[in-house]
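Novice: There's a structure below that I have some questions on.
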Amino acid sequence: MAPPPAALLLPALAALLAAPAAARAPPRSIAVVGAGLGGSAVAYFLQQHFGPQVQLDVYEPAGVGGRLATVTVNKQQYESRGASIHALSLHMLDFVKILGLKHRREVAGKSAIFSGEHFVLEETDWYLLNLFRLWWHYGISFLRLQMWVEEVMEKFMRIYKYQAHGYAFSSLEEMLRSLGGDAFVNMTQRSVAESLLEVGVTQRFVDDVVAAVLRSSYGQSVLVPAFAGAMSLAGAQGSTWAVEGGNKLVCSGLLKLTKANVIPARVTGVSLHSSEGRALYQVHYEGGEGHGSAFYDMVVVTTPLHPSRSNFTFENFEPPIADFPGAFQPSVTSVVHGYLNSSYFGFPDPKLFPFASILTTDTPDLFFNAMDNICPVNISAAFRRKQPQEAAVWRVLSQQPLDKQQLKTLFRSYYSVQVTEWPAYPRYDAAKSLPPIMLHENLFYLSSVEWVASSMEMIAVAAKNVALLAYNRWHQDLDKIDQKDLMHKVKTEL
């Protein structure tokens, strides 16, 4: 038989080359270490991309929710940390909508900044009077701060467009560079104070207002990096919200929605094996029934890997997975049910004390970072905030546990004190470089994002990024990873 003419061969060859490769089967099983917001969000996003047939095992030795914990006072639950969510937190807004949750009703309350001797700034019920006081004390510094924060947030919001189009980043530096160029990367290496002074914010405003916000959010000084500072300041000056029933309902709701298998055990390490030419990860854990292990195609670690936070080990990796440098900031939350000692704040008559939230300046003698009169996670239509002379539930944030004398300084008397201690946030002034997202081929470290900034939305963004990165790498869709000029690409795809 005569060979077919080239005219017939060429179209057939072209069609063969154009035919898509057979889609790779999804992973059989994925382990997620930690059931806080990062773990529950990444489980949800991984199932979104890989499909419901993937087995999702979530390891959590404590309760689901992580830092979004609550404490009970007089049969009412109160947020002990992770209390407010920024209005621009689009992933969190989506979670609440998907899960059928509701926004908690707001209960108004005024704030003030305390220096240890007097209030340096007091909020009133009148918006124009508040603006006048800011201008009188600090000139236009508050406007310069607002413009600086808004510029950072406007660029940060690009991440939602990138993620909606399936783009992911293999490192925190690549993510930051895609959002704000080298300037965003540099913002992780220089202090917020330096950045604000550069744009014309006065030293007095930095010392009084910016320091108070950062002490309240991170328990740290104005030496925190500019990017982490901007995220904290955005939450302080923008409108915020919380979930009715407690923010931790987002975590439990997402895990229930994905039908994830929550295993009550602490992961002690991961060892690398190979099967049929591909990486296989053995997760080692210890729980109520002793030690155990299981094999997975993919692992996502959402708990801190720094030595001060865990004894996590990695075995059989070549090159070895390096130790993670840096330290964590001690953080203590004391939920106190008692009568405020308003005299300490210059109000001998407790009935005249007008503030529900007290921030503090960076004064050596001050033993607490902030305190606020908190409302329960369930707020009925008839709920009212306690009057200042009544016993109320106060949340006091400090770096060390409060001793009896310090409690006596803040409260005339109290019924109960519930203390939660944890190394909650990285010590940002000790950070020299950002930790990796990718530890191995299909082994990811979600909590590395906290070294850029630590907030609920940053963790949700990181969870979406890890899920996209895992999916794109699994299917070798490298055009969706670490792409340059993404704003232009996204516009041309619309």
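Novice: Helix 226-237 versus the longest principal axis of the chain: what is the Cα-based angle in degrees, 0 to 90, to the nearest 10?
Specialist: 60
Novice: If exposed chymotrypsin sites (Phe, Trp or Tyr not before Pro) are those in a DSSP loop with at most 12 other Cβ within 10 Å, what is the longest stretch of the chain that has none? Walk me through the intermediate numbers first.
Specialist: Details: sites that count: Trp126, Phe383.
Free of exposed loop sites, the longest segment is 127-382.
Novice: Shape call for the range 59-183 from the C-alpha gyration tensor, a ≥ b ≥ c root eigenvalues: rounded (a/c under 1.5), prolate (a/b greater than b/c) or oblate? Each step should come with its number before you reach the end.
Specialist: Values: a/c = 2.10, a/b = 1.15, b/c = 1.83.
The shape class here is oblate.
Novice: Moving on to the next point. Distance between Cα centroids, the range 230-278 to the range 73-113: provide it in whole Å.
Specialist: Computed from Cα coordinates, the inter-centre distance equals 17 Å.
Novice: Next up: Under the 0.36 nm per residue contour assumption, what length would be gained going from the current alpha-carbon distance of Glu244 and Asn316 to full extension? Before the final figure, lay out the partial values.
Specialist: Working: separation 72, 0.36 × 72 = 25.92 nm, distance 4.58 nm.
Value of the extension gain: 21.3 nm.
Novice: Taking +1 at the Cβ of each Lys and Arg and -1 at the Cβ of each Asp and Glu, which of Asn369, Ile437, Thr202 sits farthest along the dipole of the chain towards its positive end, judged by Cα position relative to the Cα centre?
Specialist: Final value for the positive-end residue is Asn369.
Novice: Using R₀ = 35 Å, calculate the FRET efficiency as 1/(1 + (r/R₀)^6) where r is the Cβ-Cβ separation of Asp94 and Glu286; round to 0.05. Please list the in-between numbers first.
Specialist: Working: r = 35 Å, r/R0 = 1.00.
Once rounded, the FRET efficiency stands at 0.50.
Novice: Per-residue HN-Hα couplings for the range 202-214, Karplus 6.51 cos²θ - 1.76 cosθ + 1.60 at θ = phi - 60°, whole Hz, x for Gly and Pro?
Specialist: Couplings: 6, 4, 5, 5, 4, 5, 8, 8, 5, 4, 5, 5, 5 Hz.
Novice: Also: Report the full-extension gain for the segment Met157 to Arg24: residue separation times 0.36 nm, less the Cα-Cα distance, to one decimal in nm.
Specialist: 44.6 nm
Novice: Further, regarding this structure: How many nm is it between the label spots at Gln189 and Phe345, if each spot is 7 Å from the Cα in line with the beta carbon?
Specialist: 4.2
Novice: Measure nothing fancy, just the Cα-based angle from helix 172-186's long axis to the longest principal axis of the chain, in degrees from 0 to 90, nearest 10.
Specialist: With both axes taken from Cα atoms, the answer is about 50 degrees.
Novice: With a cut-off of at most 15 other beta carbons within 10 Å, and DSSP calling the residue loop, which GluC sites (Glu not before Pro) in the range 229-317 qualify? Please list them. Numbers along the way, then the final one.
Specialist: Numbers: sites: Glu244, Glu276, Glu286, Glu289, Glu315; in loops: Glu244, Glu276, Glu289.
For GluC sites (Glu not before Pro) across the range 229-317 that sit outside H, G, I, E and B with at most 15 neighbouring Cβ atoms in 10 Å, the list reads Glu276, Glu289.
Novice: Continuing with this model, one more query. For the chain, what proportion of DSSP beta bridges, expressed in % and rounded to the nearest 5, is antiparallel? Numbers along the way, then the final one.
Specialist: Working: 57 of 81 bridges.
Around 70 percent of the beta bridges assigned by DSSP in the chain are antiparallel ones.
Novice: Could you check how much of the accessible area of the range 221-260 is carbon and sulfur, as a whole percent, using a 1.4 Å probe?
Specialist: Numbers: 780 of 1290 Å².
Carbon and sulfur together cover 60 percent of it.
Novice: Along the Cα→Cβ direction, 7 angstrom out, place labels at His165 and His488. What is the inter-label distance in nm?
Specialist: 1.2
Novice: Got a sec? Charge dipole of the chain, +1 on Cβ for Lys and Arg, -1 for Asp and Glu; which of Gly39, Leu407, Asn74 is way out at the positive end?
Specialist: The residue sitting most towards the positive pole is Asn74.
Novice: If you don't mind, there's one more thing I want to ask. Can you list residues from other chains, or at least 5 along the same chain, whose modelled amide H is less than 5 Å from the amide H of Glu315?
Specialist: Val270, Ser271, Leu272
Novice: Return the loop-located trypsin sites (Lys or Arg not before Pro) in the range 42-103 (DSSP other than H, G, I, E, B) with at most 15 other Cβ atoms within 10 Å of their own Cβ; answer none if there are none. Don't jump to the answer; show the numbers that get you there.
Specialist: Working: sites: Arg67, Lys75, Arg81, Lys97, Lys102; in loops: Arg67, Lys75, Arg81, Lys102.
Of the trypsin sites (Lys or Arg not before Pro), the ones in loops of the range 42-103 whose Cβ has at most 15 other Cβ atoms within 10 Å are Lys75, Lys102.
Novice: Would you kindly state how much longer the chain becomes between Ala62 and Ser380 on full extension, computed as 0.36 nm times their sequence separation minus their alpha carbon distance, in nm to one decimal? Before the final figure, lay out the partial values.
Specialist: Numbers: separation 318, 0.36 × 318 = 114.48 nm, distance 2.97 nm.
Gain on extension, Ala62 to Ser380, equals 111.5 nm.
Novice: How big is the charge dipole of the range 131-171 about its Cα centre, in debye rounded to the nearest 20, if each Lys and Arg gets +1 on its Cβ and each Asp and Glu gets -1 on its Cβ?
Specialist: 20
Novice: In nm, give the distance between the simple-model label positions of Arg278 and Glu106, each being 7 Å from the Cα along the Cα-to-Cβ direction.
Specialist: With each label point 7 Å from Cα toward Cβ, the separation is 4.9 nm.
Novice: Something else: Roughly how big is the range 72-227's charge dipole about its Cα centre, with Cβ charges of +1 (Lys, Arg) and -1 (Asp, Glu), in debye to the nearest 20? Mind showing how you got there, number by number?
Specialist: Working: 16 positive and 17 negative charges, 121 e Å.
Value, rounded to 20: 580 debye.
Novice: Please identify which residues in the range 108-138 have an amide N closer than 13 Å to a label point set 7 Å out from the Cα of Asp365, following the Cα→Cβ vector.
Specialist: The answer is 115-118.
Novice: Can you work out ³J(HN,Hα) from phi for every residue in the range 34-41, in order, using Karplus 6.51 cos²θ - 1.76 cosθ + 1.60 and θ = phi - 60°, giving whole Hz and x for Gly and Pro?
Specialist: Per residue, the Karplus-derived 3J(HN,Hα) values read x, 10, x, 5, x, x, 6, 5 Hz.
Novice: How large is the dipole of the chain about the Cα centre if only Lys and Arg carry +1 and Asp and Glu carry -1, each at its Cβ, rounded to the nearest 20 debye? Numbers along the way, then the final one.
Specialist: Numbers: 41 positive and 43 negative charges, 244 e Å.
My answer is approximately 1180 debye.
Novice: How much accessible area per residue does the chain have, in Å², with a 1.4 Å probe? Before the final figure, lay out the partial values.
Specialist: Numbers: 23030 Å² over 494 residues.
Per residue, the chain has an accessible area of 47 Å².
Novice: Scan around Ser170 for amide H atoms under 5 Å from its own, H built in the peptide plane at 1.01 Å from N, and keep only partners 5 or more places away or cross-chain.
Specialist: Correct list: Asp482.
Novice: Which value at 222 nm does the chain reach when only helices count, each DSSP H run of 4 or more adding -39,500 (n - 2.57), with the total divided by all residues and rounded to the nearest 500 deg cm²/dmol? Kindly include the intermediate steps, with their values, before the conclusion.
Specialist: Details: 14 runs with 158 residues, N = 494.
Estimated from H runs of four or more residues: -10000 deg cm²/dmol.
Novice: Also, quick follow-up: For the range 268-278, what does the Karplus curve 6.51 cos²θ - 1.76 cosθ + 1.60, with θ = phi - 60°, yield as ³J(HN,Hα) per residue in whole Hz, taken in order and with x for Gly and Pro?
Specialist: So the J values, rounded to whole Hz, are 9, x, 9, 10, 9, 10, 10, 9, 6, x, 10.
Novice: Identify which of the listed values of Rg and Dmax of the Cα atoms in Å was calculated from the structure shown: (i) 25.2, 109; (ii) 23.9, 82; (iii) 32.1, 105.
Specialist: Correct label is (i).
The values are calculated or read from the model by the stated rules, or taken from the named source; none is laboratory data. Quantities reported herein were computed from a predicted structural model and do not represent experimental measurements. Glycine gets a Cβ as well: all are built from the backbone with ideal geometry, and neighbour counts include every protein chain shown. Remember, those area values only see protein heavy atoms, side chains included, never the ligands or the DNA or RNA. Shrake-Rupley method; radii C 1.70, N 1.55, O 1.52, S 1.80 Å.
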